[in-house]
Amino acid sequence: MAEVVKADADAEDQEERWARLLPELLSDVVRRVEASGGERWPGRKDIVSCACVCRRWRDAAVAVVRPLAESGKITFPSSLKQPGPRELPMQCFIKRNKKNSTFLLYLGFTNSPMDKGKFLMAARRFRRGPHTEYIISLDAEDLSQGSNAYMGKLRSDFWGTNFKIYDSKPPYDGAKASSSRSSRRFGSRRISPQVSAGNYEVGQVSYKYNLLKSRGPRRMYCALECPSAQETWENSLKTKFRRPMGPTTLRNKAPRWHEHLQCWCLNFHGRVTVASVKNFQLVAAADINDPPGTVDEETVLLQFGKVDDDMFTMDYRQPLSAFQAFAISLSSFGTKLACE
């Protein structure tokens with residue numbers, strides 16, 4: 001017992017020594033790493049990890065490292081639920097494993113199947129009676145709704161044409177959790193009190209019905225609660241914004257019929273190389289109440305497409321987050337019983 005107490009005391013003393021490091025010195029080190037891009041200093045990921053040492057180190061790192069919308073870099077797990085950059089999209093890719101119905105999201109810039117990329121999130125498809133659910137997690141080995149790594153889920157209707165996106169945490173102050181049966185079931189079986197007991201609806205994805213099977217590509221619409229890019233970085237680390245925002249509406253960009261190729265075509269700028277009904281591009285949808293010219297209906301906010309048998313690219317930008325873009329992309333994998 002004495003040895004255990006002594007070991008705990010040594011650990012606390014060591015932590016105190018780290019905590020006593022002047023915050024000005026720590027801030028200067030992190031600032032230089034951030035500015036150099038890792039050319040003259042250790043890898044950025046190693047220095048940013050200092051935010052886990054103690055509160056003082058965390059405050060110093062947060063004060064220097066800028067949010068994704070400004071830096072264009074995914075730094076903390078909370079960055080996955082924050083808006084992407086405005087000018088250039090974040091380029092990612094998804095690897096599908098048909099054997100175990102899993103989908104792995106990576107940060108990457110090439111279309112090469114050999115590009116390992118940086119792992120971001122994982123999802124697994126489950127059948128819940130007449131519905132299909134995709135559980136999204138930070139841990140590729142623990143894809144359960146009772147896990148500390150659980151981020152949210154995507155849930156389809158019977159037809160596979162309407163989906164709801166759920167966040168594991170309240171997106172804003174006062175948000176109410178879904179009262180679905182699955183939420184109550186998983187919530188009652190929680191082991192850790194730190195695991196969220198509820199699912200909060202933050203978006204919907206709809207594919208247009210086509211009972212007559214007419215010729216043409218899929219048409220889809222998305223209504224999402226997107227966090228504001230103006231929120232402070234300190235609030236963004238809490239993975240929620242304080243007030244409800246107006247819904248962001250997206251629609252698929254209409255492709256053009258190519259007479260020579262005899263197919264519908266979209267310009268993916270080399271990021272998509274295989275023709276597939278799953279391929280899509282989403283742009284902002286103008287509302288009838290919006291003044292003319294106030295909504296940019298040309299800039300692609302999310303594009304998703306096939307590059308190999310089980311590899312797909314996913315590029316997103318503001319106002320979408322990686323979590324939202326991943327959930328929308330997962331909806332494309334489901335079977336559409338009444339959709340073209």
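Every read-out reported here was derived from the displayed coordinates using simple, explicitly stated rules and does not represent laboratory data. Just so it is clear, the structure is predicted and the values come from calculations on it, not from any experiment. Positions of Cβ are generated from backbone atoms using ideal geometry, with glycine treated the same way; all protein chains shown enter the neighbour counts.
Among the trypsin sites (Lys or Arg not before Pro) in region 71-178, those placed in a DSSP loop whose Cβ has at most 12 other Cβ atoms within 10 Å are Lys98, Lys99, Lys116, Lys176. Determine which residues of region 254-273 fall in the zone a paramagnetic label at Ala286 would reach in this model, i.e. backbone nitrogen under 16 Å from the point 7 Å along Cα→Cβ. Flagged as within label range: 254. Under Stokes-Einstein, with the Kirkwood radius over Cα pairs standing in for Rh, what whole-number D in µm²/s applies to region 66-109 at 10 °C and 1.306 mPa s? In µm²/s, the coefficient is 135. Take the Cβ atoms of Ser144 and Ala175, set R0 to 25 Å, and the FRET efficiency comes out at 0.65. Model label sites at Asp308 and Ala35, defined 7 Å from Cα along the beta-carbon direction, differ in position by 4.0 nm.
Each Cα pair under 8 Å and six or more residues apart adds its separation to the average, and for region 50-133 the resulting relative contact order is 15 percent.
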